[in-house]
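Written below as structure tokens is the structure these notes are about.
No lab work stands behind these numbers, since they all come straight from the coordinates. In this text, all values refer to a predicted model and were calculated from it rather than measured experimentally. Don't worry about glycine lacking a Cβ; one is built from the backbone with ideal geometry, like all the others, and counts go over all protein chains shown.
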Amino acid sequence: MTDWLKHIKYDHGHILIKIMNIHLLRLFVPIAALLIFSTKSFAETIQLNEATYPKANGIWLNSDYGWLLKVNSSGLERWQITPNFCYPSKQEGQTAMSSIEYRYFERLDDKTAKFEYFPGDGHTLFTKQDSMPEQCNKTIGGSLQDTFEVFVDIFAHHYAFFEEREVNWGELTDNKRNELVKITTKQELFELLSSMIEPLGDSHTKLIATINGDKNRYQAGFKQTLPAIQSGIGEQEWLIGLIRQLQEDILDEGSVHTANERMVIGSIDNRIGYIQIFTMGGFSEDFEFGSVEWAKEEMRLLDYYLSEAIKSFKGYEAVIIDLSNNRGGFDQVARGIAAHFTDEPFEAYSVRTAWNSPPTITYTIKPSKTARFTGPVYLMTSDVTVSGGEIATMTLRNLPNVTHVGQTTRGSFSTPLAKPLPNGWYLELSNEIFASPEGAVYEGQGIHPEIPIEVFELNSPIQSHALAIQEVVNLIDSATSEVQ
């Protein structure tokens with residue numbers, strides 16, 4: 001093992017920061033099809049700037065996401081809208097989810113257009129309006145009452161999973177409105193609104209507020225493992241221990257902690273390939289986040305690292321894809337993994353925003369043109385596996401050569417819908433319904449493995465991971481013996 005590999009093996013002091021950052025950067029069901037998943041359009045796509053804004057001139061509405069765009073020669077102004085409220089929102093966001101602005105415009109007809117982050121990536125359609133909707137003419141203040149009413153209205157019209165998460169939003173709203181009359185401070189309001197988010201148990205729903213100079217954040221729904229780790233040995237020590245255990249005790253000599261520390265790649269007994277992916281993206285820091293160059297580089301590096309790994313697995317009995325500590329990231333990366341483990345195109349999943357409507361988009365995976373492994377694949381998950389990790393899980397499970405083992409995933413799929421509030425606070429919530437080709441929706445419950453294995457035992461969260469991998473190896477050996 002080279003000196004460089006030894007350095008990578010032990011220098012994990014900042015891995016937690018990197019892993020957590022990529023989870024916060026999950027942007028896009030709309031990074032939908034920049035590269036291999038793009039749908040050819042015959043309409044002209046215009047890059048928005050001072051010279052081209054007049055071509056997109058008008059008022060554009062997408063009611064599914066509650067977005068209103070007001071475009072003129074001065075630029076693009078974003079408004080938030082529900083059936084009862086309408087207000088302008090700041091262009092800069094408090095998280096990466098809200099920090100990227102539309103940069104491309106594609107007119108489909110006189111009344112319909114797409115505004116996109118990248119050319120060809122959008123499936124969200126906007127309808128041109130003759131004038132600003134009536135509710136936009138009413139002034140909304142930043143009072144405690146106004147903030148409460150906008151908050152509950154956004155949830156009522158955009159949150160998709162009250163039934164799945166067993167929450168009666170109307171009843172909860174009535175109860176909390178009665179408590180609102182006793183509230184006199186912003187801090188008390190923050191605590192009241194947080195108490196309305198808590199029963200959802202949805203880690204893709206959060207509230208962020210700066211009060212008296214202090215940043216407050218509420219987010220729940222992390223299941224069992226992460227809260228136990230955070231109150232115990234801490235995530236930093238846990239992650240370092242897991243990676244060290246992999247490279248010292250489980251994998252053959254020559255394993256690498258690579259891809260900007262987002263992957264561990266190696267082999268077991270020189271016959272089983274192993275790939276652990278911590279985040280869906282973040283493989284490079286060479287380009288500005290959200291740029292076209294950045295998106296292309298993420299996909300290029302995913303293809304590079306997986307292709308090189310698969311080439312090194314030539315002749316192996318099986319491959320383990322370990323997503324048990326995957327914190328999510330970019331949906332396109334999540335889909336791109338499966339392209340390396342199939343020889344045939346297949347339907348991955350669909351997305352919609354209303355239960356009684358057809359899918360807004362259905363994703364199809366095409367085989368990778370570089371390297372593919374189509375032998376037995378064992379996919380490991382846990383209740384840490386979330387978001388993009390769950391999208392990858394749902395996608396891979398469509399393949400006949402994939403066996404899903406481990407623990408049930410967290411159950412938070414939807415791309416968080418970013419909603420700045422009129423008082424300057426910031427809300428994210430789940431509004432998109434991800435469904436398997438068979439129509440199964442796993443939001444709230446998570447995806448159950450075919451073969452349950454305890455990956456992270458709370459009393460020994462490092463050692464139990466090693467034991468889980470050994471169980472998977474035993475499964476591979478049993479399957480190989482049956483074939484022989």
Residue in segment 331-344 that is assigned to a loop (DSSP other than H, G, I, E, B), on the phi < 0 side of the Ramachandran plot and not polar (S, T, N, Q) present: yes
Filter result (farther than 23 Å from Leu306 by Cα and free of Cβ contacts under 8 Å to residues at least 40 places away in the same chain) within segment 233-259: Gly234, Glu237
Check on Leu379, closer than 23 Å to Leu242 by Cα, buried (at least 24 other Cβ atoms within 10 Å of the Cβ) and out of contact with any Phe, Trp or Tyr (no Cβ under 7 Å at 6 or more places or on another chain): yes
Scope segment 75-88; condition closer than 19 Å to Tyr117 by Cα and out of contact with any Asp or Glu (no Cβ under 8 Å at 6 or more places or on another chain); matching residues: Glu77, Trp79, Gln80
Scope segment 47-81; condition β-branched (Val, Ile, Thr) and surrounded by 18 or more Cβ atoms within 10 Å (Cβ to Cβ); matching residues: Ile59, Val71, Ile81
Segment 157-188, residues that are under 28 Å from Phe413 (Cα atoms) and touching a residue at least 40 places away in the same chain (Cβ under 8 Å): His157, His158, Tyr159, Ala160, Phe161, Glu164, Arg165
Criterion: out of contact with any helix residue (DSSP H, G or I) (no Cβ under 7 Å at 6 or more places or on another chain) and either acidic (Asp, Glu) or outside any loop (DSSP other than H, G, I, E, B) (or both) - qualifying residue of Thr364, Thr408, Thr395: Thr364
Restricting segment 136-193 to residues that are in a loop (DSSP other than H, G, I, E, B) and among the basic types (Lys, Arg), the residue that is surrounded by the fewest Cβ atoms within 10 Å (Cβ to Cβ): Lys182
In segment 329-353, the residues that are more than 19 Å from the chain's Cα centre (by Cα) and either free of Cβ contacts under 8 Å to residues at least 40 places away in the same chain or closer than 18 Å to His204 by Cβ (or both): His340, Asp343, Glu344, Pro345
Lone unmet requirement of (1) touching a helix residue (DSSP H, G or I) at 6+ places or on another chain (Cβ under 8 Å); (2) touching a residue at least 40 places away in the same chain (Cβ under 8 Å); (3) farther than 30 Å from Tyr65 by Cα; (4) part of a loop (DSSP other than H, G, I, E, B) for Ser284: (2)
Qualifying residue in segment 425-438 (condition: without any contact (Cβ under 8 Å) to a residue 60 or more places away in the chain, closer than 30 Å to Phe161 by Cα, surrounded by 21 or more Cβ atoms within 10 Å (Cβ to Cβ) and not basic (Lys, Arg)): no
Residue list for segment 122-135, filter: outside any loop (DSSP other than H, G, I, E, B) and touching a strand residue (DSSP E or B) at 6+ places or on another chain (Cβ under 7 Å): Leu125, Phe126, Thr127, Lys128, Gln129, Gln135
Qualifying residue in segment 382-391 (condition: charged (D, E, K, R), over 22 Å from Thr342 (Cα atoms) and surrounded by fewer than 21 Cβ atoms within 10 Å (Cβ to Cβ)): yes
